[in-house]
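No value in this document is a laboratory result; all are computed from the given coordinates. Bear in mind that the values here come from a model prediction, so they are computed numbers and not experimental data. Heads up, the Cβs are rebuilt from the backbone with ideal geometry, glycines too, and the neighbour counts pull from every protein chain shown.
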Amino acid sequence: MRIIARRTLREYWQEHADAEQPLRAWYAEAKAADWRTPADIKARYASASIIANNRIVFNIGGNKYRLVAAIRYDLGIIYIRFVGTHAAYDKIDAATI
């Protein structure tokens, strides 16, 4: 999969050092993946939440952080829409961000 934009992840882990390794691990797995449907993601990430508008919410770092991605399965592209703590996640509308 092609991931846009890794920079979002990097900027986040520069301010939250404990998020660096889990975000790097997620990035490596997602980049190597070939997800064609939400079921493909659920097969690997059982705790991922499938929400409206092709959005997926991933639990990162032992569920300390959340990552919201918009996915274009037909093009093989993942758009990073949000990365943050659960408290920050509760303040957004993940389906529209």
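Some points to look at:
- Here the Karplus relation 6.51 cos²θ - 1.76 cosθ + 1.60, evaluated at θ = phi - 60°, turns the backbone of the stretch 58-67 into coupling constants of 9, 8, 10, x, x, 6, 7, 10, 10, 10 Hz, with x for every Gly and Pro.
- Positive-end residue of Ala95, Leu67, Ile77, charge dipole of the chain with Cβ unit charges: Ile77
- Unit charges on C-beta of K, R, D, E only; dipole of the stretch 37-97, Debye: 120 debye
- Helix-derived mean residue ellipticity, 222 nm - over the chain, DSSP H n ≥ 4, -39500 (n - 2.57), to 500: -9500 deg cm²/dmol
- FRET E, pair Ala25, Ile77, Förster distance 35 Å, beta-carbon r, rounded to 0.05: 0.95
- Among [x] 104; [y] 149; [z] 86, the entry that matches volume of the Cα convex hull per residue in Å³ as calculated here: [z]
- Around Tyr79: net Lys/Arg minus Asp/Glu count, Cβ-Cβ under 11 Å: +4
- Extension gain, Asp90 back to Asn54 (0.36 nm per residue minus Cα-Cα distance, nm): 11.1 nm
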